[in-house]
Amino acid sequence: MGPVDQAEERIRCGGHVHLMGIGGIGMAGVAWLLKERGFTVSGCDLRRNRQTEWLARNGILIEAGHAAAHIDSSVSWLVRSTAVPDTHPEVKAALEHGLPVSRRGEVLPALMRARTCIAVSGTHGKTTTTAMIAQLLNCGYCIGGEVGGFEGVARDGEVMVVEADESDGTVAGYTPDYAVITNIDYDHMEHHASESAFAGCFEQLIQNTRRKVYYCSDDPIARRLCAAHPKCEPFFFPAEPLPLALPGRHNQWNASAALAVCGNWKTSDELLAKLEKIKPVRRRFETVFESDGVRVISDYAHHP
């Protein structure tokens with residue numbers, strides 16, 4: 001039984017789950033989905049932020065800092081990020097109590113197994129593409145960013161769109177109904193020793209996908225990986241600009257990917273009408289101030 005299978009078993013059992021680093025945007029989303037599946041949820045982080053405030057308003061206990069005392073007798077499962085080592089006091093306390101310990105990147109794929117899942121992967125554009133799909137389909141989501149008009153970074157639903165994270169290789173643990181590969185640009189060298197190892201995570205995702213994989217026609221690695229798979233279908237740069245308020249060629253690509261997968265549920269006319277109203281993701285070329293010819297833009301430049 002692999003780690004995602006083990007996490008799926010824990011989800012079926014229910015109980016009290018404690019999440020370390022719950023203020024991280026990805027961990028906050030998982031916390032919310034676990035709450036919606038009936039878990040008692042608690043978590044801790046070094047400091048409070050917008051995510052912890054959202055979770056606390058909705059009945060999730062947030063502890064300041066990290067301490068072994070957080071793993072009390074009521075806790076039945078510990079979820080941590082990949083960056084947290086086995087030597088951390090909370091992890092050690094959980095292991096000493098015989099509790100299961102899972103990574104966030106194992107829990108989210110497990111949560112998706114009981115849903116119709118769209119997994120959005122790729123080095124660039126995951127968050128924006130995921131946000132577009134969530135708005136076009138009005139479906140459940142788990143997004144690595146804050147979207148205008150959304151109450152939080154996650155919402156459960158029968159159809160779910162999620163970001164499938166390649167940073168630690170856990171993208172390979174998803175078994176989605178549909179997958180999107182926005183692009184494949186070698187990244188996260190601390191976890192992937194070579195470009196071929198990095199690409200291998202996406203190859204596994206392709207193999208795991210049950211119905212269709214939509215990939216960027218302009219990406220050479222994605223084309224090579226998808227060539228042998230009949231379930232793979234390319235999406236293309238639009239011949240005419242799509243009706244999108246978000247600027248840039250990259251967002252035309254993102255929208256093309258979103259339209260491709262959303263076509264399994266809605267007509268082109270329905271999707272194009274909704275595309276014009278797409279809300280942006282916070283800190284993705286976000287205009288935060290504009291007056292008298294001065295424009296201030298906030299952008300999350302994590303990767304060039």
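Computed from the coordinates by the stated procedures, all read-outs in this text should not be read as laboratory data. These figures come from a predicted structure and were not determined experimentally. Positions of Cβ are generated from backbone atoms using ideal geometry, with glycine treated the same way; all protein chains shown enter the neighbour counts.
General remarks:
- Each peptide in 1-14, 131-144 was scored by the mean count of other Cβ atoms within 10 Å over its residues; highest first, the order is 131-144, 1-14.
- Ellipticity estimate at 222 nm from DSSP helix runs (n ≥ 4, -39,500 (n - 2.57)) divided over the chain, nearest 500: -10000 deg cm²/dmol
- Dipole of the range 29-174 [Lys/Arg +1, Asp/Glu -1 at C-beta], most positive-end residue of Thr40, Ala94, Ala131: Ala131
- Pairs of alpha carbons in the chain separated by more than 34 Å make up 22% of all such pairs.
- The modelled label-to-label distance for the pair Ser74/Arg47, using points 7 Å beyond Cα in the direction of Cβ, is 2.8 nm.
- Projecting label points 7 angstrom from Cα along Cα→Cβ for Asp5 and Phe236 puts them 4.3 nm apart.
- When both bridge partners sit in the chain, DSSP labels roughly 20% of those beta bridges antiparallel.
- Across the range 115-275, the fraction of Cα-Cα pairs farther apart than 25 Å, rounded to a whole number, is 24%.
- C-alpha long axis of helix 126-137 to longest principal axis of the chain, angle in °: 80 degrees
- Point-charge dipole on Cβ atoms (K/R +1, D/E -1) for the range 188-266, about Cα centre, debye to 20: 380 debye
- Net dipole in debye of the range 1-77 [+1 Lys, Arg Cβ; -1 Asp, Glu Cβ; about Cα centre; nearest 20]: 260 debye
- Distance (nanometres) between label positions extended 7 Å along Cα→Cβ at Ser81 and Ala197: 2.1 nm
- The stretch between Asp187 and Ala245 holds 18.0 nm of extra length on full extension. This uses 0.36 nm per residue minus the Cα-Cα distance.
- Among Leu46, Leu33, the order by Cβ neighbours within 10 angstrom, fewest to most, reads Leu46, Leu33.
- Assuming charge only on the beta carbon of Lys and Arg (+1) and of Asp and Glu (-1), the dipole of the chain about its Cα centre is about 520 debye to the nearest 20.
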